[in-house]
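J.: What follows is a structure written as structure tokens; I'll ask about it next.
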Amino acid sequence: MVKKAIVVGCSVLSLAFAGVAFAAGAESIVLKGGAPGNVTFPHKLHQEKLKDCNLCHKMFAKEAGSIEKDIASGKMKKKDAMKMCIDCHKATKAKGQPSGPTGCSECHKK
Ligand code: HEC
Ligand code: HEC
Ligand code: HEC
């Protein structure tokens, strides 16, 4: 029993360290979603599940407001980021893995 408690204790600790390693940035970020309403993006969940920052940040910088900035400067088009979100959710769903929303009103809230 003592052994079991130690093992459980260690895995809780390593989870806590993983949390620290991936803790850059806000837990969740509200993105401007235009007419259908803003999108609340669970950033920390994606950092923890996907691990690879570049899956998203090769498209835009690790800065608050970087998507809007890139759209304003013409580096990104409106909905480029959205397409990236939906493409990945569709692909992971097709593989039968836990995935995210693909329906408009599941992401956009008024
Ligand atoms: C699934 C996509 C995705 C992944 C993976 C991801 N991010 Fe982000 N990140 C975003 C989005 C979207 C924003 C918001 C950009 C904006 O405000 O325009 C953001 C913003 C940020 C910001 C600035 C906002 C803040 O809260 O400070 C930092 C720092 C950041 N990310 C760091 C990281 C790091 C480090 C990783 C890898 C461990 C990572 N991100 C992985 C999508 C992602
Ligand atoms: C996985 C989440 C997600 C889903 C599903 C989604 N969107 Fe989005 N949408 C976003 C994000 C994030 C943005 C803001 C970033 C961008 O412009 O790429 C956005 C931006 C938009 C914009 C604003 C573009 C502009 O004018 O600035 C419109 C309009 C839009 N979405 C419509 C839709 C419609 C219609 C659907 C359903 C067919 C849909 N979205 C499904 C996440 C989503
Ligand atoms: C590279 C793949 C990938 C990208 C890009 C991605 N997601 Fe996800 N998303 C996932 C996966 C995988 C999950 C399921 C995580 C889990 O619950 O295990 C998920 C889950 C979600 C959820 C549900 C969270 C919950 O609490 O159940 C939302 C909302 C979401 N994503 C929004 C977004 C938005 C908005 C974007 C774009 C800014 C985005 N995602 C980009 C892979 C991705």
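J.: Given a 1.4 Å probe and the protein chains all in place, what does the accessible area of SER73 round to, in Å² to the nearest 10?
T.: About 80 Å², ignoring ligands and nucleic acids.
J.: Pairs LYS75/LYS109; LYS44/LYS78; LYS32/LYS62; LYS32/LYS79; LYS62/LYS93; LYS58/LYS90: which are spaced more than 22 Å apart, C-alpha to C-alpha? Spell out each step's value before the answer.
T.: Details: LYS75/LYS109 26 Å; LYS44/LYS78 24 Å; LYS32/LYS62 17 Å; LYS32/LYS79 11 Å; LYS62/LYS93 26 Å; LYS58/LYS90 20 Å.
Cα-Cα > 22 Å for LYS75/LYS109; LYS44/LYS78; LYS62/LYS93; rest within.
J.: Any idea of MET59's accessible area? Nearest 10 Å², probe 1.4 Å.
T.: Here the residue's solvent-accessible area equals roughly 70 Å².
J.: Okay, which of segment 46-83 sit inside 19 Å, backbone N to the point 7 Å along the Cα-Cβ direction of GLU27?
T.: 46-50, 64, by backbone N distance to the label point.
J.: If amide H atoms are built 1.01 Å from N in the plane of the peptide, which residues on other chains or at least 5 residues away come under 5 Å of the amide H of PHE41?
T.: ILE29, VAL30, LEU31
J.: Please work out how much accessible surface ASP87 shows to a 1.4 Å probe, ignoring ligands, DNA and RNA, in Å² rounded to 10.
T.: We get 100 Å² for ASP87.
J.: Report the label-to-label distance for LEU45 and GLU106 in nanometres (one decimal), using points 7 Å from each Cα along the Cα→Cβ vector.
T.: Here the answer is 1.1 nm between the modelled labels.
J.: For segment 26-109, with every protein chain kept in place, what is the accessible area per residue (1.4 Å probe, Å²)?
T.: Result: 72 Å² per residue.
J.: Further question: Counting only protein heavy atoms and using a 1.4 Å probe, what share of the accessible area of segment 26-109 belongs to carbon plus sulfur, as a whole percent? Please list the in-between numbers first.
T.: Numbers: 3660 of 6090 Å².
The computed percentage sits at 60.
J.: A follow-up question, please. Provide THR40, THR102 ordered by accessible surface of protein heavy atoms (probe 1.4 Å), highest first. Could you put the intermediate results ahead of the total?
T.: On the way: THR40 90, THR102 60 Å².
Solvent-accessible surface, decreasing: THR40, THR102.
J.: Please list, in order along segment 61-69, the HN-Hα scalar couplings obtained from phi with the Karplus expression 6.51 cos²θ - 1.76 cosθ + 1.60 (θ = phi - 60°), rounded to whole Hz, x for Gly and Pro.
T.: Karplus-based 3J(HN,Hα) across segment 61-69 equals 5, 7, 9, 4, x, 5, 5, 4, 4 Hz.
The values are calculated or read from the model by the stated rules, or taken from the named source; none is laboratory data. Quick caveat: nothing in here was measured; it's all calculated off a predicted structure. Neighbour counts are summed over all protein chains in view; Cβ atoms, including those assigned to glycine, are modelled from backbone coordinates with ideal geometry. Accessible surface is based on the protein model in full, side chains and every heavy atom, while ligands, DNA and RNA are left aside. Shrake-Rupley method; radii C 1.70, N 1.55, O 1.52, S 1.80 Å.
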